[in-house]
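Below: one structure, written as structure tokens.
The values are calculated or read from the model by the stated rules, or taken from the named source; none is laboratory data. The shown structure was predicted, so the numbers you read here are calculated from the model rather than taken from an experiment. So basically every Cβ, Gly included, is an ideal-geometry build from the backbone, and we count neighbours across all protein chains shown.
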Amino acid sequence: MALKLTESEFEIERDPDKCISCQVCVRQCSNDVHDFDSDDDIIISDSQKCVGCHRCESMCPTGALKIKEREAQFKTNANWSAHHLHNLYKQADAGGVMLTGMGSDKPYPIYWDHILFNASQVTNPSIDPLREPMEIKTFIGKKSQELKFDNTGEEEKGFSIKLNTRLSPQLELSTPIMFSAMSYGSISFNACRSLAAASSGFGTYYNTGEGGLHRDLYKYAGNTIVQVASGRFGVDADYLNRGAAVEIKIGQGAKPGIGGHLPGEKVTRDISNTRMIPQGTDAISPAPHHDIYSIEDLSQLIHALKEATRWKKPVGVKVSAVHNIAPIASGIVRAGADFVTIDGLRGGTGAAPQAIRDNVGIPIELAVASVDERLREEGIRHRASILIAGSIRSSSDVIKAIALGADAVYIGTAALIVMGCHLCQKCYTGKCNWGIATQDPYLTKRLNPEIGTRRLLNLLRAWSLEIKEMLGGAGINAIESLRGNREHLRGVSISDRELSILGIKHAGEPW
Amino acid sequence: MKRIYINEEYCLGCRLCEIYCQVKHSKSKKMIKAFKKELSDVLPRVLVEEIGYNSFAIQCRHCADAPCVDACISGAMVKNENTGVVTCDEEKCVGCWSCIMVCPYGVIKRDLSSRKIASKCDLCEDEDIPVCVKNCPNEALKFGEIKDGGLTGSKKDVWSK
Amino acid sequence: MSGANKYDMETTQYLIIGNSASGLAAAGAIRSEDKKGRITILTEEEQVNYSKPLITYYLAGKVDLEKTGFKDRDFYTSNNISLLTGTRVISIDVEGSHVVTGGGKKIKFGKLLIASGGKPVIPKIKMTGFSHKKRQGCSLMDSSNYSSIKGVFTLTTLEDAMKVRDYIEKNEIGSATILGGGLIGLKSAEAFLELGIKINIVELADRILAATFDSRASSIIENAIEARGSSIHKDNTIDEIFIRSGRISGYRLRDGIEKNCRLLIIAVGVNPDLSFIDKGLIRAGRGIKVDGRMQTSAPNIYASGDVIEGPDILLGQNRNIAIWPLAVGQGNVAGSNMAGREAHYQGGYFMNSVEILGIPSISMGMTNVDVDDGSSVEVKTEFRPERNQYKKIVIRDNRVIGIIMIGNIERAGIYSGLIKNRIDLSGMKENIFREDFGIIHLPSDYKKHLVVGEGIEV
């Protein structure tokens, strides 16, 4: 075997004064990094195998372990960075497509961090959300152009007002945050269960992703958005009618333009039943839907799904944020979608080719601004809700997203982090030490759904409170007033071009 | 009466329960000191059993009709009327091992460190919850009472009704 | 009742004959059900409270006299129990519901519990007197005269142990002989070895602790004893005792060997003491016969402990099994029923935990069963004499019926649970011999019931 060119990415520091050789690290590492030498009564660690998931560090009862990223000691080269060298060495050995997991970690500009929110001073009083009503309830679905009422009462008996306009089906969210599409197969059942239970507990929704809906999650079906992806896994009339809404997945931010692949080894009996494919066969989602080759085809599918669900559920479409996202979104809305989900460049995934994850698509901040602008220009903004995804990291990101035009946001990576993910980006190996991106029963036990649900609920509650604080600080008492209201935002340290695409002024400029 | 209940589904087999039990029953009560200086003298009172990817931690069940209390020839093994906790009085124990003979869970061990005595879980009577329950990283052990078909007294959070 | 007339009758609601494991367990069970009813306990001994198994520990100096008790000092007062020591019952008037004591006292009872235990068996052995090496008369040693021979003792009460200790101190004893290699014999042997006294054990069977040990198990302990300069004579017994000046001076074994001896402990066995029982009124065989509620054939009279014949769940018949845990369990059942709360005794089997010279051993059930062709009995063994370790499991019809563990007794009680609950082990018999055998290897419904805890839905 030829000399290995790659070196360890991580360094494991073990403090011998603190290590008590309890062997928790040995037992907990699914990559067999730590080993107990019973002759010398000492634990030896093999850094080569470490993926930097920090499981051992978290479990160590005495804090004896420290996992550090190992700085490659190559000669300093601004062009040929260590990252490029590592990739080339790996490809020299493997000769294949380099896979990775989670969202892009490249230093593209993060516009959230260049946008600032406003607060009230003097002219418009702030509102204290703990003392006064503050509404962050959000409705997702097609809104009517106008509402027609009939006044049917007589003056003596009191007026009674009747709404004549038929309203489209809506999803009612107690907070403008939902859980992103993550399929059962890419994540463990315990993770799915935590997301479902948290959505149900808080009054929001989660998305099945392309994995179908597991029987044990039927009780949460009222909070489930079911996805119809190109592989049509798990899709039948029952599936469509159980969910609260249907989402046609055309693309996702992490890998625009390509499909997905779940290797046969991971298609267990449970996944086989849920996805309705034979056990042990590869689950391949093709790049396009083979029945959607034009916008008219999409419109046909949208209406077919509405028929199948008796026009009782919102039907939407999910696309990646690409260069022409504005006209694409416009076409989708005109095709009859009740909501459009846009997934940006930094969206996460269980497995994607690194080249595509890091180089294809556009940041969601720019996408949502331009789509909202375009739909308003065409006078069709009310016909569909805009949902966005692709690295919403905090409640301030949520506020800015809504101010740029989103109706609500989907969070994926943040939810997984809250359940324990440490972003080692090795999801595609199926050896997730946190029990999230794996189907190995020894590992999936590690995510106790009681704890997972509790943590997700805490996340939603914390962010909702922060959103209310920020709204109150800006003198707004309903999230409706913030939606698309670019006046509440100012840019900082970005070019005029970017300011104009985002449709916001620069900090320092009054209205 | 509060007891420890085991949730086999979420036990990781990490054995942190055994470690915290050892620390609790050590002289120094400090983890690093106990392990580096006292290890051979301290027995954990909880035991992790493992087969394949299934595991669970088991300790004294503080049975209603404890067979160890019946079998004890020196009156060392007694059940507290109020708390229901079964404890072994180390002064009275003569190390006859009759308790080991009759315990159907096999959770009593021989402590040969100084005098020969029987060693088992004492439900950490001076703690608000036993240390194994408190430190289980995946909440596979719960401490509470069975009431109305459910387990009360376990960790509450703002969402439980 | 007033008056000093000895024919006046005392009355008590609950009367218990016997102040040891079974009697006190019953008293406790009665008191937890009935807080008011009068409880009286009679014991022929002088001591207030002591544990019979601890007397050899006392003899060896491991336990002080004050520590031989097994109930708290205030057990009798806090439970409102009258204890009459030095009081032997000589007869029971079943119809008249009263007992008569040796001192002529009559005590009337509402309910009676006979928990009087057993008495040591004294074999009839030829005794030959010597004076200046000349043979004098021959007679027979038996239960009526053994205690008058200096240097001959039984070891079943604290008083016996105190006498032996006293004798050893006064006579500079360097060696002793124990007739009987059963539980009491072995524990006495260990006590003597602890005191630096060499021992000779004489046992009729081909192994020691014959009730539950097989010959391999026995060999491990025998080797340990012999390594201490002591000897064991198996397949043997004492045929003749030599007396000089009223004191034992030696004996002759069945195989002809003669030995000098100044201290002899007779430990061949214990029988239920039925001397005060009228078998016509209270049915008895070797022990008092009882039903599943520990009630005898006489109404309002119960019996428990070493004095009864109870169901042996392995043999499927009634027999006398004189061991502490069963005595306590039976006492609990008897007391509960006497106080009006239904309780049933499931039955027992022989079990033993004894540590000799640092080698712990636990054995229970039927361990000397032959495996015939076509029978459903399987035996698995693991013998490591160099490590003083032995494990034997006897299985019949896929259920454990006997086990011997020597050296490593970790978690032996799990087998007790398997025997008692008659757990069917089809399909997992191989697991039993694992080093790490535990509850996790057992059939899932039994395991879940044990693991999850009472009250939780499984």
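Key figures
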| quantity | calculated |
| --- | --- |
| Within segment A:139-166, considering residues that are at pLDDT below 90 and of a type in the set (G, A, S), the one nearest to A:I402 (Cα to Cα) | A:S160 |
| All strands (runs of 3 or more DSSP E) inside segment A:220-288 with 3 or more residues being over 20 Å from the mean Cα position of the chain (by Cα) | none |
| Filter result for the condition that a residue is touching a residue at least 12 places away in the same chain (Cβ under 8 Å), more than 23 Å from C:M405 (Cβ to Cβ) and in contact with a helix residue (DSSP H, G or I) (Cβ under 9 Å, 6 or more places away or on another chain), over C:I184, C:I232, C:I178, C:I225 | C:I178 |
| Test for A:A335: is it surrounded by fewer than 24 Cβ atoms within 10 Å (Cβ to Cβ) and modelled with pLDDT under 95 | no |
| Exclusive hit being touching a residue at least 12 places away in the same chain (Cβ under 8 Å) and closer than 26 Å to A:A406 by Cα, set A:I388, A:I328, A:I277 | A:I388 |
| Residue within segment B:109-132 that is among the hydroxyl-bearing types (S, T, Y), closer than 27 Å to B:A71 by Cβ and out of contact with any strand residue (DSSP E or B) (no Cβ under 6 Å at 6 or more places or on another chain) present | yes |
| Residues of segment B:8-37 classified as surrounded by 16 or more Cβ atoms within 10 Å (Cβ to Cβ), more than 8 Å from chain A (Cβ to nearest Cβ) and in a loop (DSSP other than H, G, I, E, B), total | 2 |
| Enumeration of residues in segment C:57-84 that are among the charged types (D, E, K, R), surrounded by 18 or more Cβ atoms within 10 Å (Cβ to Cβ) and either part of a helix (DSSP H, G or I) or away from chain B (no Cβ under 11 Å) (or both) | C:K67 |
| Any hit, segment C:48-56, residues being touching a strand residue (DSSP E or B) at 6+ places or on another chain (Cβ under 9 Å), part of a loop (DSSP other than H, G, I, E, B), farther than 30 Å from C:I266 by Cα and assigned by TED's automatic domain parsing to the domain that holds C:I16 | no |
| Count of segment C:85-107 residues which are outside any loop (DSSP other than H, G, I, E, B) and surrounded by fewer than 16 Cβ atoms within 10 Å (Cβ to Cβ) | 3 |
| Tally, over segment C:364-386, of residues that are in a loop (DSSP other than H, G, I, E, B) and surrounded by 14 or more Cβ atoms within 10 Å (Cβ to Cβ) | 4 |
| For C:K392: the one exception among (1) touching a residue at least 40 places away in the same chain (Cβ under 8 Å); (2) exposed (fewer than 14 other Cβ atoms within 10 Å of the Cβ); (3) charged (D, E, K, R) | (2) |
| Candidate set: segment C:8-38, residues that are at pLDDT 95 or above and β-branched (V, I, T); chosen: the one farthest from C:N337 (Cα to Cα) | C:I17 |
| Residues that are surrounded by fewer than 21 Cβ atoms within 10 Å (Cβ to Cβ) and in contact with a strand residue (DSSP E or B) (Cβ under 6 Å, 6 or more places away or on another chain), drawn from segment C:201-221 | C:R216 |
| Subset of segment C:424-435 [outside any helix (DSSP H, G or I) and within 10 Å of another protein chain (Cβ to nearest Cβ)] | C:R434 |
| Selection from segment C:108-120 of residues that are over 17 Å from C:Q13 (Cα atoms) and part of a loop (DSSP other than H, G, I, E, B) | C:S116, C:G117 |
| Residue check, A:A237 among the aliphatic types (A, V, I, L, M), at pLDDT 95 or above and out of contact with any strand residue (DSSP E or B) (no Cβ under 6 Å at 6 or more places or on another chain) | no |
| Any pair with Cβ under 8 angstrom, 6 or more apart, that starts in segment A:349-361 at a residue that is in contact (Cβ under 8 Å) with a residue 12 or more places away in the chain and assigned to a strand (DSSP E or B) and ends at one that is charged (D, E, K, R) and surrounded by 20 or more Cβ atoms within 10 Å (Cβ to Cβ) | A:A352/A:K255; A:P353/A:K255 |
| Qualifying residue in segment C:345-363 (condition: more than 14 Å from chain B (Cβ to nearest Cβ), in contact (Cβ under 8 Å) with a residue 40 or more places away in the chain and either among the aliphatic types (A, V, I, L, M) or in a loop (DSSP other than H, G, I, E, B) (or both)) | no |
| Any pair with Cβ under 7 angstrom, 6 or more apart, that starts in segment A:80-106 at a residue that is within 28 Å of A:I364 (Cα to Cα) and ends at one that is assigned to a loop (DSSP other than H, G, I, E, B) and of a type in the set (D, E, K, R) | A:G101/A:K426; A:G103/A:R346; A:S104/A:R346 |
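Conditions (1) within 30 Å of A:Y184 (Cβ to Cβ); (2) in a helix (DSSP H, G or I); (3) in contact with a Leu (Cβ under 6 Å, 6 or more places away or on another chain), marked per residue:
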site: A:H422; (1), (2), (3): yes, no, no
site: A:Y428; (1), (2), (3): yes, yes, yes
site: A:Q439; (1), (2), (3): yes, no, no
site: A:E450; (1), (2), (3): yes, yes, no
site: A:L459; (1), (2), (3): yes, yes, no
site: A:I476; (1), (2), (3): no, no, yes
site: A:E487; (1), (2), (3): no, yes, no
site: A:I494; (1), (2), (3): no, no, no
site: A:E498; (1), (2), (3): no, yes, no
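For every residue, the table says whether it meets (1) out of contact with any Phe, Trp or Tyr (no Cβ under 7 Å at 6 or more places or on another chain); (2) more than 30 Å from A:N433 (Cα to Cα).
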position: B:Y20; (1), (2): yes, no
position: B:K27; (1), (2): yes, yes
position: B:K30; (1), (2): yes, no
position: B:P44; (1), (2): yes, no
position: B:L47; (1), (2): yes, no
position: B:G75; (1), (2): no, yes
position: B:V85; (1), (2): yes, yes
position: B:D89; (1), (2): yes, yes
position: B:C96; (1), (2): yes, yes
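This table checks each residue for (1) closer than 19 Å to C:L183 by Cβ; (2) β-branched (V, I, T); (3) surrounded by 14 or more Cβ atoms within 10 Å (Cβ to Cβ); (4) within 21 Å of the chain's Cα centre (by Cα).
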residue	(1), (2), (3), (4)
C:D239	no, no, no, no
C:I257	no, yes, no, no
C:C261	no, no, yes, no
C:I266	yes, yes, yes, yes
C:K279	no, no, no, no
C:R283	no, no, yes, no
C:Q295	no, no, yes, no
